[in-house]
Amino acid sequence: MAINKKNQQEILTKIGIEKLNQMQEDAQKAISSNSEVILLSPTGTGKTLAFLLPIIANIKPEIKNIQVLILVPSRELAIQIEQVIREMGSGYKATAVYGGRSGSKDRIELKHPPTILIGTPGRISDHINRETIDIQEIKILVLDEFDKSLEVGFENEMKDILNKLTAIQKKILTSATQKVKIPSFMKLKNPKRLNYLSKKETNLKIKTVVSQREDKLDSLEKILGINSKGSGIIFCNFKTSIQVVSDFLHKNSINHGCFYGDLEQIDRERALIKFRNGTHKILVATDLAARGIDIPELDFIIHYELPTRPDEFIHRNGRTARMHSNGTAYILKWKNEELPIFIKNDEEIKIASTKKLTNSNWTTLHISGGRKDKISKGDIAGLFFKQGNIKKEELGVIELKQDCAYVGVKSSTLHTLISKINNSKLKKKKVRISILK
């Protein structure tokens, strides 16, 4: 099948971007003209697009095998990059593989080799060693958030992969951390370095709230109250703390999602879907959510438990005040706690307000058909507008997956909407439509 290769302007138009930012323009030039590039840039500045555009321009349509390998530290980042490539509509197949999903599902998707393969080092190393993928044509290697991959224990797998990729002509490493050590197994000779981490973030306010209670839940409620219309992440250090906060929010009828490592992959994914489409305005999470996941611009983040390292503090804060937006990082401190020495320039505030957080008026629906059924976002929107009789402003974010889809709708439409569209045909498939619990 002939590839309908889009130029850069066509890709940008398709994903709704008018122009690249300075970092993306510089990265594009560097990657196009250098065989080794290290890109350091804060979370949320568009690194994924920065490396994908020059890579896609470099792909050879006549080669029907994997040409690009992107290694990432987490399943969420793998899924996110795969989604971005699909939305770019480049015409090239991209497949994400990662731990936590069945190997047989991988093998089915890899039967027809993608041009771009994205994956966690453990799963990619396993596929290479089992010879379920052909690596002979892989000329471009990206290590996205490479320091995080090393931090979570993927060093041996990364070494193994690097030793077996003998045809590599271009290496791109990205990170959102300043003082990163480049591993020797990368065998970089003279990399071009682009560093955007030293640019001061002027839009972030750091505020400390002192709690009289050790559990800090009274102060947490007040912070949520003064941000009643916003959305944000409450960061915890432990799964047990997430449970404490989640129970408290449930007790106060505050809708929210939870996100941490021990959750099943499907539950993590659905928590992010509900957060992205506005069904939940609050996400309670460990540092797993500090970077490498696709979530919208946040109004605030809350350090419910104090970070133990400076990089954790930076990455958490990097989730708000992104690009040119304003944001606030709240530090929640028990009166007998000492702030870590790396927390500076914070302003101590007192909150008198007893205002309650207002819950979202959006609900997420699950549709039992997806990309494999040849269903498009346009098909879904058409069903909701024509048969569901809802207005444009009552339909929110549509996320299309391989075998299902998720749609945000205004909660006020639900009493009649589902009965109108459930068991409808989308393309040739009869789909079930239900509220995502």
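Read-outs throughout are calculated quantities, based only on the coordinates presented, and are distinct from any laboratory measurement. Values in this document were obtained by computation on a predicted structure and should not be read as measured data. Note that we place each Cβ from the backbone using ideal geometry, even for glycine, and neighbour counts take in every protein chain shown.
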**Residues of segment 113-128 with amide N under 19 Å of a point placed 7 Å along Cα→Cβ from LYS105** = 113-114, 117-128
**Request:** Count the net charge of all other residues whose Cβ sits under 10 Å from the Cβ of THR43, scoring Lys and Arg as +1 and Asp and Glu as -1.
**Result:** +4
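Any of LYS6/LYS391; LYS139/LYS187; LYS170/LYS372; LYS274/LYS356; LYS6/LYS148; LYS171/LYS372 with alpha carbons more than 27 Å apart? Name them for me.
On the way: LYS6/LYS391 33 Å; LYS139/LYS187 15 Å; LYS170/LYS372 33 Å; LYS274/LYS356 21 Å; LYS6/LYS148 32 Å; LYS171/LYS372 33 Å.
Exceeds cut-off: LYS6/LYS391; LYS170/LYS372; LYS6/LYS148; LYS171/LYS372.
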**Complete:** Any residue on another chain or 5+ positions along whose placed amide H is under 5 Å from the amide H of GLY99 is listed here as THR120, ARG123
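Report the charge-dipole magnitude of the chain in Debye, nearest 20, computed about the Cα centre from +1 at each Lys and Arg Cβ and -1 at each Asp and Glu Cβ. The partial results should precede the final answer.
Details: 72 positive and 50 negative charges, 297 e Å.
The dipole of the chain has a size of about 1420 debye.
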**Asked** To the nearest 0.05, what FRET efficiency results for LEU197 and ILE17 with a Förster distance of 25 Å applied to their C-beta separation?
**Response** 0.65
**Message:** Taking the alpha-carbon distance from LYS428 and a cut-off under 18 Å, which aspartates and glutamates remain once sequence neighbours fewer than 8 residues away in the same chain are dropped?
**Reply:** ASP373, ASP379, ASP403
**Residue among PHE259, MET23, ILE433 farthest towards the positive dipole end of the chain, charges placed on Cβ** = ILE433
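Assuming R0 = 30 Å, can you tell me the calculated FRET efficiency for the pair LYS239 and ASN359, based on Cβ-Cβ distance, to the nearest 0.05? Intermediate results must be reported in sequence, preceding the final value.
Working: r = 24 Å, r/R0 = 0.82.
With R0 = 30 Å, the Cβ-Cβ based efficiency is 0.75.
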**Asked** Does segment 295-437 come out rounded, prolate or oblate by the C-alpha gyration tensor, with a ≥ b ≥ c the root eigenvalues, rounded set by a/c under 1.5 and, if not, prolate when a/b is larger than b/c and oblate if not?
**Response** prolate
**Prompt:** Which far-off residues, 5 or more places away or on another chain, put their amide H under 5 Å from the one on THR286, with H placed in the peptide plane?
**Reply:** CYS236, PHE259
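In which sequence would HIS303, HIS366, HIS415 go, from the one with the fewest C-beta neighbours within 10 Å to the one with the most? Show your work: numbers first, answer last.
On the way: HIS303 25, HIS366 17, HIS415 8.
Fewest-to-most ranking of HIS303, HIS366, HIS415: HIS415, HIS366, HIS303.
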**Request:** Step through the residues of segment 68-77 one at a time and calculate ³J(HN,Hα) from phi using the Karplus curve (6.51 cos²θ - 1.76 cosθ + 1.60, θ = phi - 60°), rounding each to whole Hz and writing x for Gly and Pro.
**Result:** 10, 10, 10, 9, 9, x, 9, 4, 4, 5
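Would you order MET88, MET186 from fewest to most other beta-carbon atoms within 10 Å of each residue's own beta-carbon?
On the way: MET88 21, MET186 18.
So the residues, fewest neighbours to most, are MET186, MET88.
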**Message:** What whole-number distance in Å separates the alpha-carbon centres of segment 162-235 and segment 238-257?
**Reply:** 24
**Complete:** In whole percent, the Cα-Cα distances of segment 362-435 spread across 10 Å bins from 0 upward as 21, 63, 16, 0
**Complete:** If unit charges are put on Cβ atoms (+1 for Lys and Arg, -1 for Asp and Glu) and the dipole of segment 271-373 is taken about its Cα centre, the option from LEU298, PHE313, GLY327 lying farthest towards the positive end turns out to be LEU298
**Prompt:** From the backbone phi of segment 207-222, what are the Karplus-calculated ³J(HN,Hα) couplings (6.51 cos²θ - 1.76 cosθ + 1.60, θ = phi - 60°) in whole Hz, Gly and Pro given as x?
**Reply:** 10, 9, 10, 8, 9, 6, 9, 5, 7, 6, 6, 5, 6, 4, 4, 5
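With a ≥ b ≥ c taken as the square roots of the eigenvalues of the C-alpha gyration tensor of segment 204-349, please select rounded if a/c is under 1.5 and otherwise prolate if a/b is larger than b/c or oblate if it is not?
Working: a/c = 1.42, a/b = 1.23, b/c = 1.15.
Rounded shape, in that the Cα axes give a/c under 1.5.
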**Asked** Given H placed on each backbone N at 1.01 Å, which residues far from LEU426 in sequence or on other chains put an amide H within less than 5 Å of it?
**Response** VAL431
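Once Rh is set to the Kirkwood radius over Cα pairs, what Stokes-Einstein translational diffusion coefficient, in µm²/s, holds for the chain at a temperature of 4 °C and a viscosity of 1.567 mPa s?
In µm²/s, the coefficient is 56.
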**GNM top mover of LEU263, LEU40, LEU306 - the chain, alpha-carbon springs below 10 Å** = LEU263
**Message:** Using Cβ counts within 10 Å as a stand-in for footprinting exposure, how do THR354, THR208, THR48, THR320 rank, fewest first?
**Reply:** THR354, THR208, THR48, THR320
**Prompt:** Each residue of segment 142-154 in turn: what ³J(HN,Hα) in whole Hz from Karplus with 6.51, -1.76, 1.60 and θ = phi - 60°, glycine and Pro shown as x?
**Reply:** 10, 10, 7, 6, 4, 5, 5, 4, 5, 4, 8, x, 9
**Item:** Total formal charge among the other residues, if their Cβ is under 11 angstrom from that of LYS372, Lys/Arg +1 and Asp/Glu -1
**Value:** +2
**Item:** Distance in nm between pseudo-label sites at LYS207 and ASN156 (7 Å out along the Cβ direction from Cα)
**Value:** 4.8
**Request:** Measure out, as a whole number of angstrom, how far apart the alpha-carbon centroids of segment 42-86 and segment 383-405 sit.
**Result:** 27
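Pull out the extension gain between THR416 and GLN169, defined as 0.36 nm times the separation in residues minus the alpha carbon to alpha carbon distance; nm, one decimal.
Numbers: separation 247, 0.36 × 247 = 88.92 nm, distance 5.70 nm.
Result for the pair: 83.2 nm of gain on full extension.
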**Message:** Using a Cα-Cα cut-off of under 13 Å, which aspartates and glutamates could be cross-linked to LYS205, ignoring same-chain neighbours fewer than 8 residues away?
**Reply:** ASP299, ASP346, GLU347, GLU348
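How do 135-141, 209-215, 325-331 rank on mean C-beta neighbours within 10 Å, highest first? Walk me through the numbers before you get to the answer.
Numbers: 135-141: 18.4, 209-215: 14.3, 325-331: 20.9.
Going from most to least packed, we get 325-331, 135-141, 209-215.
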**Message:** Give me the one-decimal nm value for the distance between modelled label points at SER32 and LYS187, 7 Å along each residue's Cα-to-Cβ direction.
**Reply:** 2.9
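Less than 10 Å Cβ to Cβ from PRO191, Lys/Arg counted +1 and Asp/Glu -1: what total charge do the surrounding residues give?
Numbers: positive: LYS171, LYS189, LYS192, ARG193; negative: GLU36.
Summing Lys and Arg as +1 and Asp and Glu as -1 gives +3.
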